[in-house]
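Asker: What follows is a structure written as structure tokens; I'll ask about it next.
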Amino acid sequence: MANRLLLQTLLKFSDDIKSGAAKVQDVITDYFNTTGKSVTDEERSIILKEFQDNAPSNVEEVDFSSDFLFTDKAKSKTPFTDKVREQNPDVELRGDETFGELTEKLGKPKDQGLGSLYPKGKPGEIFDIQNDKRMEVAEFMKAMRAAGIKNEDVMNVAKNPDIAEGKRAATTLARAADMAADTKVKQELLSTLDDDIANYGPDWWKGMGYNEGPMGRESVGNLLESMTTDINNGVIDDLIAQGMDEDKAFELMRYVGREQLKYDPKAFIRKIADELEMNDIKYDMTFWDNYTDEILSRIQKPEPRFAHGGLV
């Protein structure tokens, strides 16, 4: 029976396997980086079957007989080994190297993964800075996955040798995951919002004077109208980015009717969601709800402490 870690690895890659984004070697490399162990014969068979059953037919076919990928020995008389020799004339190959020896000699793919960036320390040493670093990165990766950060982003962040810088990047990614900012348009708008939150005091959000509304706008109405405009333009940009014809995207949003709802961004979001559903268009509006809620919660003035007693 396959061990639990392999099943977790396959589950993590299941969507990418079905879409064709993941390759067999991606699963093997991730399993190695997670466990520090090569896959067994039984585990190889399970991985192969997962791809045979679920990978789309238009994905470049994997050579499942390749000794380099799936057996512990690469026999020198196979065409694959001959090709390796041809492509790496400066590397001396006996022809019976183990998988680990090949990856060490060729630098593929191990040297490009986390295993080479965070190597194990010497066996038996209790206090070892390499092991400490490896454990810190492993815990960091677990925390990122628990925060809902996509595996591709987790791996990219973990490859940064500056862990402090990586943790700052992970904070941004976790914030995007929390807010459901799943497109570049949404992420850029969220980044602007977070910069405003960091750089301006509470007076800026609630309005600093009689003639100046929240967020530096002339009035609350002016701010609400600006928000509906951002939502309108953002949705159009996202729909076009995901392949919708530009004219169709503008026509759909004209039908929603922003002008009638320009002072009510929440109602505008609901109207867009309804129209997308009616047209069977797959697009997640969750971020726009979260983004609007975040701003509205910040511009509301607190209720008076004693509403009817003459005191505030």
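The values are calculated or read from the model by the stated rules, or taken from the named source; none is laboratory data. Note that the structure is predicted; figures quoted are calculated from it, not measured. Quick reminder, even Gly has a Cβ in these numbers, built from the backbone with ideal geometry, and neighbours come from all protein chains shown.
Asker: Give me the pairs: first residue in the range 23-51 and among the basic types (Lys, Arg), second residue in a helix (DSSP H, G or I) and buried (at least 18 other Cβ atoms within 10 Å of the Cβ), beta-carbon distance under 7 Å, and six or more apart or on different chains, which are they?
Answerer: ARG44/PHE70
Asker: Another question about this same structure. Would you confirm, using the coordinates I've provided, whether THR40 is at pLDDT 80 or above and farther than 17 Å from MET155 by Cα?
Answerer: The answer is yes for THR40.
Asker: What are the pairs, 6+ residues apart or on separate chains, where a residue within the range 286-300 that is over 13 Å from SER226 (Cβ atoms) has its Cβ under 7 Å from a residue that is crowded, with 19+ Cβ neighbours inside 10 Å and of a type in the set (D, E, K, R)?
Answerer: Filtered contacts from the range 286-300: PHE287/LYS186.
Asker: Can I ask one more? Looking at (1) at pLDDT 70 or above; (2) touching a Lys or Arg at 6+ places or on another chain (Cβ under 7 Å), which is the only condition MET179 fails?
Answerer: The single condition MET179 does not satisfy is (2).
Asker: While we're looking at this one, here's another question. For PRO302, all conditions in the list (1) under 30 Å from GLY201 (Cα atoms); (2) at pLDDT 90 or above hold save one; what is the number of the exception?
Answerer: With (1) under 30 Å from GLY201 (Cα atoms); (2) at pLDDT 90 or above applied to PRO302, the lone miss is (2).
Asker: Something else about it: Taking the residues in the range 1-42 that are assigned to a helix (DSSP H, G or I) and touching a Phe, Trp or Tyr at 6+ places or on another chain (Cβ under 8 Å) as candidates, determine which candidate is surrounded by the most Cβ atoms within 10 Å (Cβ to Cβ).
Answerer: THR9
Asker: Could you list, in sequence order, the residues of the range 2-22 that are in contact (Cβ under 8 Å) with a residue 12 or more places away in the chain and polar (S, T, N, Q)?
Answerer: Across the range 2-22, the qualifying residues are ASN3, THR9, SER14, SER19.
Asker: Just one of the numbered conditions (1) within 21 Å of MET141 (Cβ to Cβ); (2) among the aliphatic types (A, V, I, L, M); (3) modelled with pLDDT of 80 or more is not true of ILE46; which one?
Answerer: With (1) within 21 Å of MET141 (Cβ to Cβ); (2) among the aliphatic types (A, V, I, L, M); (3) modelled with pLDDT of 80 or more applied to ILE46, the lone miss is (1).
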